[in-house]
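Shown next, in structure tokens, is the structure this report addresses.
The values are calculated or read from the model by the stated rules, or taken from the named source; none is laboratory data. All values derive from a computational prediction rather than experimental measurement. Neighbour counts run over all protein chains shown; Cβ positions are idealised from the backbone, glycine included.
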Amino acid sequence: GGPSSGPAQSPSNPCMVVFPPCMSEADRYSLEALRSIHQMMDDDQDGGIEVEESVEFIIEDMKQQQTNKHNHLHREDQHITVEELWRGWKSSEVHNWTQEDVLRWLKEFVELPQYERNFKDFKVNGNTLPRIAANEPSFLSMQLRVQDQRDKQKLNIKALDVVLFGPPTRPPHNYMKDLLLIVSVVMGVGGCWFAQVQNKTSKVHISKMMKDLESLQRAEQSLIDLQEQLERAQEEKRNVAEEKQNLEEKMRDEIMGAQEEAYRLHELRQGAVCELSRLRYAEEELEQVRGALKQAEKDMQASWTFSEALQLWLQLTHEVEVQYYNVKKQSAELQLATAKEEAERIKKKRSSLLGTLHVAHSSSLDQVDHKILTAKNALSEVTACLRERLHRWQKIELLCGFPVIRNPGLANLTAQLYSDSVSLGLPRVPQASCSCHSSIHGSIEDLFEESAPPFLPQNGFSTHHYLSFQFLLDRDSQERFSDSECIAAPPHKQLFQSSTPDVTARKLYLDETELHRDEVAKSLNKESEAVVES
């Protein structure tokens, strides 16, 4: 730098050494602050600030990367002394700042408006800024009452900037940034609006889907309730069948008791000496037989009997229908499970904004709605089919008077009916596997096309029972006729004539009774085995 142009003055007064000289107390404080700043920047202490020292001070102490700032400080001078620094400061625009300019700088550039009151109280102007730039602890803490170290550092750096490099300059306004900001704001607002609309739409779709899902769950619960009702009805049917079996056993016991009483009276009549006693015993026996016969006729009229073959064919029809119903039910349950999985997947996607937008734009909601409606219709159809089947077979059982729903199973029924068809002389039907529905269906259609075979008489008792009672009536009428002849005949003829038919009749009666007992025992054994198998 050039030599000092000021007049030589006494070193005891530093204000008079520099030019222009210090004219006030504020100038003296400013000069001392500038000396302190010059000393901080002059690393080699040669009395001048070089360009390298300025750049190093800007980067390391002021924490700035704008290295071209040193051009404002040095200009053409590569070696700045304290006096040159003082002259530059005195001619600076910042030196002439008023109190309002400093307050505006404090608020807009330093961004510490909380100290505005302190600056006003101390009447800080442009000539006071070197003291802030020199970071005088007493001045900042005591006079300006700045206690925060971060605020002190910020004030120090900003003050150094304006004291050394002049007033701060605002960067040129970038209209492109404003345009990009406006476009970004518009896009953000539009995106938020679009997301809100899509969110509402997806909520409407999802609420509709949830309603359909709830309706589907109610239909599923209705099907479960109907199945429970079917199980209860089947349990009641089993109880009724057991009661009916007990009643039939009781009726058989009563008939057996009546026959035993008739046999006992017959024995008494055979062993009676007096013909009048024989006649009285015969009349009592006849009354017993007539009563038993009337009771049997009433029982036959009261209970409609059925053909065992008809029951088997109806049971086979019911089992085939149950197989097709189970296929439809499994298909409906599979559709229901698929619809539930899709609904759960949509619920999980709703948890995020991107998932909601994806769900709203994709066709998954419509597909899930379609699957739910399809599953609901299938479940409703299965439920209606179950109701109709239950009602129809209950009516059939009520009209026929025998169990159809409760049966030994499709395999046993198929084997038994095919074997019965062969034993009755029907054309042989090709046997098919019970697991193949089409083969069973074809076999059943072939059997329906054939003519019905003749079956045994359909009554409550066997033909042998009826012949047994008819034989007793005929025998009693013959015995009455023989008794009347015995009364008119001599005693020896009477004994002679009554001996042969009585022995023959008694033998036939005993044979018929034993045969009847064997048949009843066999029928009871067959029924008990059927109950155990079922």
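Before moving on, here are some points about what is shown:
- First in region 379-400 and exposed (fewer than 15 other Cβ atoms within 10 Å of the Cβ), second anywhere and part of a helix (DSSP H, G or I) and basic (K, R), Cβ under 9 Å, 6 or more apart: E381/K328
- Within region 22-64, the set of residues being exposed (fewer than 13 other Cβ atoms within 10 Å of the Cβ) and under 14 Å from F165 (Cβ atoms) is empty.
- Members of region 143-155 found to be over 16 Å from R117 (Cβ atoms) and of a type outside the set (K, R), listed by number: Q149, Q153
- Residue in region 277-293 that is part of a helix (DSSP H, G or I), under 30 Å from P403 (Cβ atoms) and in the same structural domain as T338 (by TED's automatic domain parsing) present: yes
- Per-region count, region 342-397, residues more than 22 Å from Q221 (Cβ to Cβ), of a type in the set (V, I, T) and at pLDDT 90 or above: 1
- Within region 215-253, being without any contact (Cβ under 8 Å) to a residue 40 or more places away in the chain and within 17 Å of A378 (Cβ to Cβ) holds for Q217, R218, Q221, I224.
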